[in-house]
Amino acid sequence: MKGQFMKSTIIRLAVASALGLGAAGLAQAAEEEHAAEGGEAHAVHYPLKKPEYVDWTFAGVFGKYDQGQLQRGFKVYREVCSACHGLSRVAFRTLGSEHGPGFSEAQVKSLAAEYEVTNADPDEAGDMFQRPAEPKDFIPSPYPNDLAAAASNGGAVPPDLSLITKSRAVERGLPWFIFDMFLPYQEQGADYLHALLTGYEEPPEGVEVPEGTYYNPYFIAGMSLKMPPPISDDQVEYTDGTPQTVDQYSRDVAAFLMWAAEPHLVERKSMGFKVMIFLAIFAGLLYITKRRIWEAAH
Ligand code: HEC
């Protein structure tokens, strides 16, 4: 019985891989055809380089966020990225979540108080007014609207970072995307961010980038973007002895933004695992029941 089960599982995996390979082959053939028709201009695919893997603590079935890393990542966001990028879906109080950065209540209060927000209701005279933020408030954006944001950034709007790690996924290509169908790989967004922030370099000989843009082979939509390299070594002070390098800052802020986009990842994974165990036991019970019933019928 067990052998047969194994056999059918192997057959299913093989069929799925074959389907995957087939689909990939078709997609590749279509792309090549497209490139051949459109000449060289169409043969360029962005990003020019694929993001590298980072060994995140939150990867895998038992992945967990590293609280120290999330706290450092928030510091990088606050001291560097928040000058241009909003994080408008994150409320200050969630920074105290035990599965997130885990700041204490007092810390959350004082972090919030560093920001000013417009009160939801007007004062007695009917005027809107500014007040220091409280834990219940959402992190305010640096610009009042997209036009103001674009005007200050050479025409490009710095996107809100609340969901950025979910909205940027670079296709890894063969053979990885077949494995990714079976193994949970959800770190594309964080890998992309780390690659983007560490990936600025001089354009290769003979390549000119449009004025006001910066060459970055990891950028998903072109060879250069309008964000200048935002961080440099030693820019943000770490008090826990963690190296103050661009690479480390990028890891930390990417991990923090992964948490911002998916604050319940740890609970979801542990619930998923419990469900799998339950299903395994339940399948066993059903099998025994089935045997009993059919034995009795003989
Ligand atoms: C001086 C302003 C400025 C700062 C500081 C800044 N950014 Fe940006 N960022 C931009 C602009 C402008 C864009 C849009 C670029 C474009 O589309 O050409 C952008 C785009 C991005 C994108 C989207 C890239 C994509 O795939 O479309 C990410 C992610 C990002 N920034 C992350 C960060 C992080 C993380 C930090 C802090 C370490 C940061 N930025 C600091 C201005 C800034």
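The values are calculated or read from the model by the stated rules, or taken from the named source; none is laboratory data. In this text, all values refer to a predicted model and were calculated from it rather than measured experimentally. Note that each Cβ is placed from the backbone with ideal geometry, even for glycine, and that neighbours are counted across all protein chains shown. To get the accessible areas, we keep the full protein, side chains included, count just its heavy atoms, and leave off ligands, DNA and RNA. Shrake-Rupley method; radii C 1.70, N 1.55, O 1.52, S 1.80 Å.
Based on what the data block shows, is Gly100 in contact with a Phe, Trp or Tyr (Cβ under 9 Å, 6 or more places away or on another chain), among the small types (Gly, Ala, Ser) and surrounded by 12 or more Cβ atoms within 10 Å (Cβ to Cβ)? Break it down into steps so the answer makes sense when it comes.
Values: in contact with a Phe, Trp or Tyr (Cβ under 9 Å, 6 or more places away or on another chain): yes; among the small types (Gly, Ala, Ser): yes; surrounded by 12 or more Cβ atoms within 10 Å (Cβ to Cβ): yes.
Answer is yes for this residue.
Which of the residues belonging to region 229-253 are within 21 Å of the chain's Cα centre (by Cα) and either aromatic (Phe, Trp, Tyr) or assigned to a loop (DSSP other than H, G, I, E, B) (or both)? Spell out how you get there, then give the answer.
Residues of region 229-253 that are within 21 Å of the chain's Cα centre (by Cα), as a first pass: 229-231, 245-253.
Hits for region 229-253 are Pro229, Pro230, Ile231, Thr245, Tyr249.
Within region 260-281, can one find any residue that is touching a Phe, Trp or Tyr at 6+ places or on another chain (Cβ under 9 Å), surrounded by fewer than 14 Cβ atoms within 10 Å (Cβ to Cβ) and in a helix (DSSP H, G or I)?
yes
So which residues in region 149-206 are among the hydroxyl-bearing types (Ser, Thr, Tyr) and either part of a helix (DSSP H, G or I) or in contact with a strand residue (DSSP E or B) (Cβ under 8 Å, 6 or more places away or on another chain) (or both), if there are any at all? Show your work before the answer.
Looking only at region 149-206, we keep the residues that are among the hydroxyl-bearing types (Ser, Thr, Tyr), and these are 152, 162, 165, 167, 185, 192, 198, 200.
Across region 149-206, the qualifying residues are Ser152, Thr165, Ser167, Tyr192, Thr198, Tyr200.
In region 255-297, how many residues are of a type outside the set (Ser, Thr, Tyr) and under 30 Å from Ala195 (Cα atoms)?
First, the residues of region 255-297 that are of a type outside the set (Ser, Thr, Tyr): 255-269, 271-286, 288, 290-297.
Filter again for under 30 Å from Ala195 (Cα atoms), leaving 255-269, 272.
Count: 16.
Can you find, within region 103-124, the residue that is farthest from Lys75 (Cα to Cα) among those that are open to solvent by 80 Å² or more (accessible area, probe 1.4 Å) and either part of a loop (DSSP other than H, G, I, E, B) or small (Gly, Ala, Ser) (or both)?
Out of the qualifying residues, it is Glu124.
Could you please give the count of residues in region 164-176 that are within 11 Å of the ligand (Cβ to nearest atom) and of a type in the set (A, V, I, L, M, F, W, C)?
So in region 164-176, the residues within 11 Å of the ligand (Cβ to nearest atom) come out as 164-165, 167-170.
Cutting the leftovers down to of a type in the set (A, V, I, L, M, F, W, C) gives us 164, 169-170.
Number of matching residues: 3.
I need the full set of residues from region 226-238 which are under 14 Å from Phe74 (Cα atoms) and away from the ligand (no atom under 13 Å from the Cβ), in order please.
Once the filter is applied, which keeps residues that are under 14 Å from Phe74 (Cα atoms) and away from the ligand (no atom under 13 Å from the Cβ), region 226-238 yields Glu237, Tyr238.
Can you confirm whether Glu211 is more than 11 Å from the ligand (Cβ to nearest atom), within 25 Å of Ser167 (Cα to Cα) and either open to solvent by 90 Å² or more (accessible area, probe 1.4 Å) or assigned to a loop (DSSP other than H, G, I, E, B) (or both)? Can you show your working first?
Working: more than 11 Å from the ligand (Cβ to nearest atom): yes; within 25 Å of Ser167 (Cα to Cα): no; either open to solvent by 90 Å² or more (accessible area, probe 1.4 Å) or assigned to a loop (DSSP other than H, G, I, E, B) (or both): yes.
No, not satisfied.
From Phe129, Phe92, which residue is hydrophobic (A, V, I, L, M, F, W, C) and touching a residue at least 12 places away in the same chain (Cβ under 8 Å)?
On the way: Phe129 fails: touching a residue at least 12 places away in the same chain (Cβ under 8 Å).
Within the list Phe129, Phe92, the selection yields Phe92.
Scan region 61-86 for residues that are assigned to a loop (DSSP other than H, G, I, E, B), small (Gly, Ala, Ser) and within 15 Å of the ligand (Cβ to nearest atom) and jot them down. So that I can check it myself, show each step before the final result.
First, the residues of region 61-86 that are assigned to a loop (DSSP other than H, G, I, E, B): 61-66, 80, 84-86.
Filter once more, keeping what is small (Gly, Ala, Ser): 63, 86.
The answer is Gly86, and nothing else.
Could you give me the residue pairs with C-beta distances under 7 Å whose first residue belongs to region 60-86 and is closer than 17 Å to Leu196 by Cβ, whose second residue is among the aromatic types (Phe, Trp, Tyr) and surrounded by 21 or more Cβ atoms within 10 Å (Cβ to Cβ) wherever it lies, and which are 6+ apart or on separate chains?
Correct list of pairs: Gly73/Phe256; Val76/Tyr249; Tyr77/Phe256.
Name every residue in region 141-159 that is surrounded by fewer than 17 Cβ atoms within 10 Å (Cβ to Cβ) and at negative phi, in order of residue number.
First, the residues of region 141-159 that are surrounded by fewer than 17 Cβ atoms within 10 Å (Cβ to Cβ): 142, 144-148, 150-156, 159.
Pro142, Pro144, Asn145, Asp146, Leu147, Ala148, Ala150, Ala151, Ser152, Asn153, Ala156, Pro159 - these are the residues of region 141-159 that are surrounded by fewer than 17 Cβ atoms within 10 Å (Cβ to Cβ) and at negative phi.
Counting only residues that are open to solvent by less than 60 Å² (accessible area, probe 1.4 Å) and either assigned to a helix (DSSP H, G or I) or out of contact with any helix residue (DSSP H, G or I) (no Cβ under 8 Å at 6 or more places or on another chain) (or both), how many does region 87-97 have? Steps first, please.
From region 87-97, those open to solvent by less than 60 Å² (accessible area, probe 1.4 Å) are 87-88, 90-92, 94-97; that's our starting set.
Filter again for either assigned to a helix (DSSP H, G or I) or out of contact with any helix residue (DSSP H, G or I) (no Cβ under 8 Å at 6 or more places or on another chain) (or both), leaving 88, 91-92, 94-97.
Qualifying residue count, region 87-97: 7.
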